[in-house]
Amino acid sequence: MDATPGPGVYVHVPFCATRCDYCAFATWTDKVHLVDAYVAAVLEEIAAAAEQEDLGPAATVYVGGGTPSLLPPSALCTIIEAIERQDGAEVTVECNPESTTNELMAALADCGVGRISLGVQSTSPRVLASLGRSQHPGSLRRAVSAIADAGIGRYNVDLIYGAADEHDADFAASLRDVFALDPAPSHLSAYALTIEAGTPLARDPHRHPDDDAQARRYILADEAAEAAGLSWYEISNWAVPGHESRHNLDCWRQGDYRGFGCAAHSHRGGRRFWNTVSFERYLAAIREGKTAVAGEERLDASRYAEEALELSLRTRWGVPEGAVSPDDRRLLVEEARLLEPRDDRLVLTRKGRILANEVAVRLRVPEPEHLSAPKVPSVTNR
Ligand code: SF4
């Protein structure tokens, strides 16, 4: 179904059972006793926005974290149901395999959730251990059965590649395991491990990833996804055609989205703003009837256009031909083969996707007449 382009809504759930060594997200393992207070605050923030902001019904809702599947099913559903949605809105919830239970999936299906995003990262216990993460044997298969039994038609698997104890064969095995699931995922996100300041991984150089290994693993992901019938549509994302994440597509086309919860970011017509990262300050602000917004920036027209190009470059819709000078075109298309022409656009090749940052620094905002060319669509046919 095609939905009218409209705002996306993101809800941040900042609770995790344990903290992974690479994680810099706003999430806590020692605040589970504050779940009820947090849910009440998020509901209040949603109600205040509905009253004070001319948001309109959401085209997409994405509940992320953290680990949303740690919330009681009724709490998750109360949050989702509090958000005014368009007919056919895409509603996605991030889950960890361990907490993806039959009870939770049945409740989510009942309140309109149509996509689950499973944080798997690897199917190798040794690789997971080197990321400071664990997974109970069999939990992934049980999670996928629970999703299917509840009638939730689409799910994504998140993988991370580049852990210190990972070999190419480990990552290939993870990909094989994932695509052998029944039903198999119709969407894959595979991210290169990155080192975030302040994490245990950042303090341990022996565990830092190797660029060549990551490039090889990217190729493995691309080959496995293609063999399973998924096509790349953003550097780190592959989908069965029609199963792309509409929420992500809308973010990449600089659509409006409203974030609720601590550390949640929002975007409205070139104004970006974000809530306080502090759990306690978030609760206190909402309790006192104040805004939780802690900062904002406004993008001027040229920065907005530059960002549009950078985001579009990362997608299979590429950039207008005018975004690259004739000299850079010779270099990037003919010599290095990082870009290829496709329907009046320049699109990253597989090699280009691995070296996308090298291409991005050479982009220039084209003349206005070239900006009217098609770009990342706001919706996908489904
Ligand atoms: S489960 Fe996800 S959000 Fe939680 S600590 Fe691990 S990486 Fe971070």
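Here, each number is a calculation from the coordinates, and none is a lab measurement. Just so it is clear, the model here is predicted, and its values are computed rather than measured. Glycine also receives a Cβ, built like all others from the backbone with ideal geometry; neighbour counts cover every protein chain displayed.
Miscellaneous remarks
- By definition, a body whose alpha carbon gyration tensor gives a ≥ b ≥ c is oblate when a/c is 1.5 or more and a/b is not larger than b/c, and segment 199-290 fits this oblate description.
- Whole-Å distance, taken between Cα centres, linking segment 32-50 and segment 241-255: 27
- By the Cα gyration tensor, segment 266-339 has an equivalent ellipsoid whose semi-axes, rounded to whole angstrom, run 41, 13, 8 from largest to smallest.
- Using only alpha carbons, the chain has a radius of gyration to Kirkwood radius ratio (Rg to Rh) of 0.95.
- Highest to lowest packing among 316-326, 81-91, scored as the average C-beta count within 10 Å: 316-326, 81-91
- Database remark: amide H of Arg154 closer than 5 angstrom to the amide H of Ile116 (H placed geometrically; neighbours at sequence offset of 5 or more, or on other chains; Pro and chain starts carry no H).
- The distance separating the Cα centre of segment 159-198 from that of segment 300-323 comes to 28 Å.
- Proximal charge balance of Thr67 [Cβ under 11 Å; K/R count +1, D/E count -1]: -1
- With helices as the sole contributors, the chain gives -9500 deg cm²/dmol at 222 nm; each DSSP H run of n ≥ 4 counts as -39500 (n - 2.57), and the sum is divided by every residue.
- Under-5 Å amide H pairs with Ala264, H placed in peptide plane, nonlocal only: Asn275
- Of the peptides 294-307, 182-195, 238-251, 125-138, the order by per-residue mean of other Cβ atoms within 10 Å, starting with the highest, comes out as 238-251, 182-195, 125-138, 294-307.
- Treating each Cα of segment 302-371 as one equal point scatterer and applying the Debye formula with no solvent, the log10 of I(q)/I(0) at q = 0.15, 0.16, 0.25, 0.29 Å⁻¹ comes out as -0.39, -0.44, -1.15, -1.56.
- Candidates Glu334, Glu310, Glu44: whichever shows maximal mean-square fluctuation once the chain is modelled as a Gaussian network with Cα springs under 10 Å: Glu334
- Comparing Asp21, Asp344, Asp177 in a Gaussian network model of the chain where C-alpha atoms under 10 Å apart are linked, the largest mean-square fluctuation is found at Asp344.
- Chain lengthening between Arg176 and Arg287 when straightened (0.36 nm per residue, less Cα-Cα): 35.1 nm
- Relative contact order (percent, whole number), the chain, Cα cutoff 8 Å, 6+ residue spacing: 16
- By the rule of a second cysteine Cβ within less than 4.7 angstrom, the chain holds isolated cysteines at Cys16, Cys95, Cys251, Cys262.
- Percentage relative contact order, segment 67-192, counting C-alpha pairs under 8 Å, at least six apart: 26
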